[in-house]
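To start, the structure itself, in structure tokens.
The values are calculated or read from the model by the stated rules, or taken from the named source; none is laboratory data. All figures in this text were calculated on a predicted structure; none of them were measured in a lab. For neighbour counting, all protein chains shown are included, and Cβ atoms are generated from backbone atoms with ideal geometry for every residue, glycine included. What goes into the accessible areas is simple: the full protein's heavy atoms, side chains included, and nothing from ligands, DNA or RNA. Shrake-Rupley method; radii C 1.70, N 1.55, O 1.52, S 1.80 Å.
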Amino acid sequence: MLQLRFVKGGLTFLGVKRISVLNAAFQSTQRVEYKPIKKVLVANRGEIATRVFRACTELGIRTVAVYSEQDTGQVHRQKADEAYLIGKGLPPVQAYLSIPDIIKVAKANEVDAVHPGYGFLSERSDFAQACTDAGVRFIGPSAEVVRKMGDKVEARAIAVSAGVPVVPGTDAPISCLTEAKEFSNKYGFPIIFKAAYGGGGRGMRVVRSYEELEENYTRAYSEALSAFGNGALFVEKFIEKPRHIEVQILGDKYGNVVHLYERDCSVQRRHQKVVEIAPAAQLDLQLRDRLTHDSVKLAKQVGYENAGTVEFLVDKHGKHYFIEVNSRLQVEHTVTEEITDVDLVHAQIHVAEGKSLPDLGLKQENIRINGCAIQCRVTTEDPSRGFQPDTGRIEVFRSGEGMGIRLDSASAFQGAVISPHYDSLLVKVIAHGKDHQVAATKMSRALAEFRIRGVKTNIPFLQNVLNNNQFLHGTVDTQFIDENPDLFNLKPVQNRAQKLLHYLGHVMVNGPTTPIPVKASPSSVDPVIPPIPMNEPPPGFRDILLREGPEGFAKAIRQHKGLLLMDTTFRDAHQSLLATRVRTHDLKKIAPFVSHNFNNLFSLENWGGATFDVAMRFLYECPWKRLQELRELIPNIPFQMLLRGANAVGYTNYPDNAVFKFCEVAKENGMDIFRVFDSLNYLPNMILGMEAAGRAGGVVEAAISYTGDVADPTRTKYTLDYYVNLAEELVKAGTHILCIKDMAGLLKPKASDMLIRALRDKFPNVPIHVHTHDTAGAGVASMLACAHAGADIVDVAVDSMSGMTSQPSMGALVACAKGTDQDTGIQLEKVFDYSEYWEVARGLYSAFDCTATMKSGNADVYENEIPGGQYTNLHFQAHSMGLGNKFKEVKKAYAEANKILGDVIKVTPSSKIVGDLAQFMVHNDLNRENVETMADELSFPLSVVEYLQGYVGIPYGGFPEPFRSKVLKDLPRIEGRPGATLPPMDFSKLETKLKGKYDDITPEDIMSAAMYPKVFEEYKDFGTQFGPVECLNTRLFLEGPKIAEEFEVELERGKTLHIKALALGDLNKAGQREVFFELNGQLRSVLVKDTQAMKEMHFHPKALKDVKGQIGAPMPGKVIDIKVKEGAKVEKGQPLCVLSAMKMETLVNSPVTGTVKKVHVKLDMHLEGEDLLLEIE
């Protein structure tokens, strides 16, 4: 028996039937006068307004646009013949819902028809009626039909009366939560709330349990009220995993109705359609017939005229259920137009004029399906963040085009501003092909051609949908997106060109991103690369290493006749002279020349040590990529790196497994020889590093750090016996090569002879390698002395990168050894060519060149014992902290600091500790006596405190007392090897964390993050913002281009950007400047914040020295940690806060016991020396 539901305030079944009969009788006899339309107003915005305007223009009809105050820059108002502001003073959406304003514009401008588009007022019967009352035709169904179809409950009743199956649901909008509970009790969960007066997924919520009911009811009501002005909801039984199939219908004023087949809209997210297809893939023909038949029957039942859509759910058994009628044009009408060749907007206008469907040639038997069409809605949404809408300025817009592609766009153009006020639709892309697969291929190609920069889009997600096997070859249901989480494995958008423009603009406006110690511009002259043969480079010692392994390699080195050289130009030389700032860009250019002409080098030192973190920290490039690229360019010469024992390439202790893993990854990426040292010659730390390098398959070169003077009998701490005994331990531990690392250049010729001769006599079969610096100018003499005494290898740098704090001159040693037993076999002419390249290249780094302030070497190094690499860094560090004019005092203080700390071996990181203490002494006007006397009151640099705690290791001869106890007080002390007690590093956890934050994380990235977590994070964030800056030449990297300068940037082989800097704009109200470029012949611009202009003047109070409770900053820096709060009780010596400046952290301790009265600083605040930190009373 037919069960009839009665609609509240609506029609009974008999009433509906009577109206239907009357309608049919009226339509069969009425004669409608044909009235051509001359002017159409579109009561909408964006792409649908433009779509209608285009159709009107084709028909010779004049067009009128309306726009809100927020839409003055929208394209739709420019596409119309006339445009008028509506909704002045109203919120953005409400402006387009202002019926009086729209009618007023229509009447004032002799508009004879209004097209509602979709959304906004398109399904509001009162709007349709208002148009009719004003004598303006409404291009759509009659107001009565709009009312019936817009009320989904009444539409259900009409469907039931027409014999169309419906989903079980309420007969009328529910008035309260209780009714929803009653429905769920009767039909069970899941259920779905739907807005009674609108669609598009708004006001729609699926509820699966009682616990979710109240919250979802409230949310659905609120959404419906906001979107449609009416929060009325009705409830239906929710059908699991249906297909969403809709049928396009078209009716006229004479009772004729045709269908234009179906569309599959099952690919949807949160009930909003994402991809639409026509016709539906693999749809049973009988089911198609039922769907189209029921759609036409329902339309005729209500006397439907104009375009509309009948929507159905199809369950897994092939049963279909009516859900609603959209009495308007749909967003996805485009795919129907493509497969039927029917212009639906033309048809809408002609029907509104009074033409019949037969007049338009639209008879059902003439409408055929031609191929397949797919529509993708490109939106400014970020799929990786739950499709969160993105706003901002479109900096680049390039669309996909070509055969079979149609674009219906809104305001999609370069310079367009995407506001948060409206729908995020940017452009609809429609692909048409002979079948589903062909259309999908065309769509994929078109989407790949798009370049949209400045805002995020859903294109990567759409590409994943189109490449999904189920989408291509099967059928999808409404759960398709939810059940395919791999759709969210988004291929990152590179956006390299635009990011580089942002970087260049930033440098042009704000200056270099890397700290510049000296105001000097890079040379305008680029270095010339010497001629390089086209053939493969000749064999070198690496061929022996690969063939015979580390042991065979060491044996070959020992048996070699003549002196072997290691070239430090690629690492230690520029660390010593140019503050480690040489970029991979300049190393790569000369690398092939080195490979072809210096194949008989023992090795090339090019990695590790300070270059590792500086690459990320200041050059914004990947140290691993440097290693990989140089390895590819120099396959024949062994590479050597600096490994700080248990500290790897860091300044702290790492878990043992981290050191082993680092060496393993380094070896896999092309490293050959590991020079392993410890900053204190602490044997346990060295042996750990040796074991890690050896297990990785590398050549182990254990390096003894040299200090003192073995030829001076008054220097009794580091004697000849000390070095020989330590060497013996290292040889026992299995080193392949023994190295003397004279990091300060303290080896004089006599000491060189004594030390090397003693080692050679003790270890006749072990290769000996000597490293020094030429700070005092005696480097060449000392290395020749080492060679005569039996050294196999000495370190040199190419002439233009040698001397002073760098290594001795390659050319000088080659020339001096020529024709002797120590002949290097290197051609001096090639050294000259090599040197000429670096002489010019060095000019690019003039802002970092030690010669800016140092004009020569200095023999006072024999007194202060400052390592060569640190000498330059310390000098620049002193300048950056305002101590440049006191560098002589810094050097003197360095010697005193060394004595305070017990005369330690000085090499990174111990040398840094001594340097930190020296600068602290100079800045606070302290001498050795002051420091030792006041040790329990002073706030020492954090590095000094941690050294005394034992975090670096145990120095030879032990820690200085009572200095250590006075500084540490009750702080904990580390006994034994610091890293031994650290828990193993969880690399899987670290990998998961990194992959959750960044795209394309490699094993090398994981190691970088393990060594330098914060530096790596900043490096990755910089790359995300500014792109591959390593592709820029060094002058552009440091100071950016000059106006009107043209240049090229090679992103990768075969992809080169042609860029011209055009202009720098004035400061705008937001503190930005617009920087204009020409990129590949097209105008581009970027907005750059002027950091200087945006700074607010800040005057920070200074600490009063005569007030004991006022604690001032001991040096300039940034506040990175605050350890106390106002009102806290503190003890004398208790840590208060931590400051950081130029890689040096300082722990500020309380000089008194008391209560914190006030904290004057905040995190990340930049301070000057003596700025007030806290007050203690």
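For region 192-215, give me the residue count where each residue is farther than 17 Å from ASN326 by Cβ and surrounded by fewer than 20 Cβ atoms within 10 Å (Cβ to Cβ).
The total comes to 9.
Within region 98-117, which residues are assigned to a helix (DSSP H, G or I), of a type in the set (A, V, I, L, M, F, W, C) and farther than 13 Å from ALA83 by Cα?
ILE99, ILE103
Take the residues of region 826-853 that are open to solvent by 50 Å² or more (accessible area, probe 1.4 Å) and not in a helix (DSSP H, G or I): which is modelled with the lowest pLDDT?
For region 826-853, the residue satisfying everything is THR853.
Only one residue in ARG977, ARG973 is of a type in the set (D, E, K, R), farther than 23 Å from GLY609 by Cα and either surrounded by fewer than 19 Cβ atoms within 10 Å (Cβ to Cβ) or not assigned by the TED database to the domain that holds LEU1147 (or both), so which one is that?
Going through ARG977, ARG973 in turn, the sole match is ARG973.
I'd like to know if region 605-615 contains one or more residues that are more than 27 Å from THR872 (Cα to Cα), buried (at least 23 other Cβ atoms within 10 Å of the Cβ), within 28 Å of the chain's Cα centre (by Cα) and aliphatic (A, V, I, L, M).
Checked region 605-615: no residue is more than 27 Å from THR872 (Cα to Cα), buried (at least 23 other Cβ atoms within 10 Å of the Cβ), within 28 Å of the chain's Cα centre (by Cα) and aliphatic (A, V, I, L, M).
So which of THR1146, THR1155 is in the same structural domain as LYS1105 (by the TED database), out of contact with any Lys or Arg (no Cβ under 7 Å at 6 or more places or on another chain) and in a strand (DSSP E or B)?
Testing whether each residue is in the same structural domain as LYS1105 (by the TED database), out of contact with any Lys or Arg (no Cβ under 7 Å at 6 or more places or on another chain) and in a strand (DSSP E or B) leaves just THR1146.
Where residues in region 92-110 are open to solvent by less than 20 Å² (accessible area, probe 1.4 Å) and touching a residue at least 60 places away in the same chain (Cβ under 8 Å), which of them is nearest to ASP126 (Cα to Cα)? Spell out the reasoning first.
Our first condition is that a residue be open to solvent by less than 20 Å² (accessible area, probe 1.4 Å); within region 92-110, this holds for 95-96, 98, 102, 105-106.
Checking which are touching a residue at least 60 places away in the same chain (Cβ under 8 Å) leaves us with 102, 105-106.
Working: ILE102: 13, VAL105: 17, ALA106: 16 Å.
If we take residues in region 92-110 being open to solvent by less than 20 Å² (accessible area, probe 1.4 Å) and touching a residue at least 60 places away in the same chain (Cβ under 8 Å), then ILE102 is nearest to ASP126 (Cα to Cα).
Need a quick list: helices (runs of 4 or more DSSP H) entirely within region 916-1003 having at least 1 residues that are within 39 Å of the chain's Cα centre (by Cα) and among the basic types (Lys, Arg). Walk me through it before giving the result.
Working: elements: 928-933, 942-949, 963-968, 987-997.
Helices (runs of 4 or more DSSP H) meeting the threshold: 987-997.
How many residues are more than 16 Å from ALA232 (Cβ to Cβ) and either of a type in the set (A, V, I, L, M, F, W, C) or at pLDDT 85 or above (or both) if we restrict to region 193-213?
Result for region 193-213: 8.
What's the number of the condition ILE1043 fails, among (1) under 20 Å from TRP624 (Cα atoms); (2) assigned to a loop (DSSP other than H, G, I, E, B); (3) of a type in the set (A, V, I, L, M)?
Only one criterion in (1) under 20 Å from TRP624 (Cα atoms); (2) assigned to a loop (DSSP other than H, G, I, E, B); (3) of a type in the set (A, V, I, L, M) is unmet by ILE1043, namely (1).
Being crowded, with 23+ Cβ neighbours inside 10 Å, within 25 Å of GLY698 (Cα to Cα), not polar (S, T, N, Q) and not assigned by the TED database to the domain that holds LEU619: is that true of ARG547 here?
In short, no.
One line per residue, one yes/no per condition, for (1) open to solvent by less than 20 Å² (accessible area, probe 1.4 Å); (2) outside the structural domain of ALA1063 (by the TED database); (3) over 21 Å from HIS596 (Cβ atoms):
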position: HIS502; (1), (2), (3): no, yes, yes
position: GLY505; (1), (2), (3): yes, yes, yes
position: MET508; (1), (2), (3): no, yes, yes
position: SER523; (1), (2), (3): no, yes, yes
position: PRO527; (1), (2), (3): yes, yes, no
position: PRO539; (1), (2), (3): no, yes, no
position: PHE553; (1), (2), (3): yes, yes, yes
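Considering only region 314-325, I want to know if a residue exists there that is within 26 Å of SER125 (Cβ to Cβ) and crowded, with 24+ Cβ neighbours inside 10 Å.
Scanning region 314-325, I find at least one residue that is within 26 Å of SER125 (Cβ to Cβ) and crowded, with 24+ Cβ neighbours inside 10 Å, so the answer is yes.
Conditions: (1) at positive phi; (2) of a type in the set (Gly, Ala, Ser); (3) surrounded by fewer than 20 Cβ atoms within 10 Å (Cβ to Cβ). SER175 meets all but one. Number of the miss?
(1)
Please determine whether any residue of region 259-280 is in a strand (DSSP E or B), among the small types (Gly, Ala, Ser) and under 18 Å from MET204 (Cβ atoms).
The answer is yes, given that some residue of region 259-280 is in a strand (DSSP E or B), among the small types (Gly, Ala, Ser) and under 18 Å from MET204 (Cβ atoms).
Working carefully through the options ASP284, ASP341, find the one that is on the phi > 0 side of the Ramachandran plot, open to solvent by 40 Å² or more (accessible area, probe 1.4 Å) and under 49 Å from the mean Cα position of the chain (by Cα).
Step by step, each of ASP284, ASP341 is checked, and only ASP341 is on the phi > 0 side of the Ramachandran plot, open to solvent by 40 Å² or more (accessible area, probe 1.4 Å) and under 49 Å from the mean Cα position of the chain (by Cα).
From the list GLY89, GLY46, GLY60, which residue is buried (at least 18 other Cβ atoms within 10 Å of the Cβ) and at positive phi? Talk me through it step by step, then tell me what you get.
Details: GLY89 fails: buried (at least 18 other Cβ atoms within 10 Å of the Cβ); GLY60 fails: buried (at least 18 other Cβ atoms within 10 Å of the Cβ).
Exactly one residue qualifies, and that residue is GLY46.
Let's see how each residue does on (1) touching a Cys at 6+ places or on another chain (Cβ under 8 Å); (2) open to solvent by 20 Å² or more (accessible area, probe 1.4 Å):
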residue	(1), (2)
THR336	no, no
ILE349	yes, no
SER356	no, no
GLY386	no, yes
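Taking region 514-543, which residues are assigned to a loop (DSSP other than H, G, I, E, B), more than 30 Å from GLY1040 (Cβ to Cβ) and not small (Gly, Ala, Ser)?
Hits for region 514-543 are PRO531, ILE532, PRO533, MET534, ASN535, GLU536, PRO537, PRO538, PRO539.
Between SER939, SER943, SER1008, which is closer than 20 Å to CYS663 by Cα and among the polar types (S, T, N, Q)?
Every option except SER1008 fails the conditions.
So which helices (runs of 4 or more DSSP H) are wholly in region 425-489 and hold at least 2 residues that are among the β-branched types (Val, Ile, Thr)?
436-449, 459-467
Check GLY734, GLY708, GLY745 and return the single one that is touching a residue at least 24 places away in the same chain (Cβ under 8 Å) and either outside the structural domain of SER679 (by the TED database) or surrounded by fewer than 18 Cβ atoms within 10 Å (Cβ to Cβ) (or both). Please lay out each step first, then the result.
Working: GLY708 fails: either outside the structural domain of SER679 (by the TED database) or surrounded by fewer than 18 Cβ atoms within 10 Å (Cβ to Cβ) (or both); GLY745 fails: either outside the structural domain of SER679 (by the TED database) or surrounded by fewer than 18 Cβ atoms within 10 Å (Cβ to Cβ) (or both).
After ruling out the rest, the residue left standing is GLY734.
So, LYS1060, is that one surrounded by fewer than 20 Cβ atoms within 10 Å (Cβ to Cβ) and assigned to a helix (DSSP H, G or I) or not?
Taking the combined requirement at face value, the residue does not satisfy it.
Can you pull out the residues in region 633-659 that are within 15 Å of GLU691 (Cβ to Cβ) and surrounded by 20 or more Cβ atoms within 10 Å (Cβ to Cβ)?
Those that are within 15 Å of GLU691 (Cβ to Cβ) and surrounded by 20 or more Cβ atoms within 10 Å (Cβ to Cβ): LEU643, ARG644, GLY645, ALA646, ASN647, ALA648, TYR654, ALA658, VAL659.
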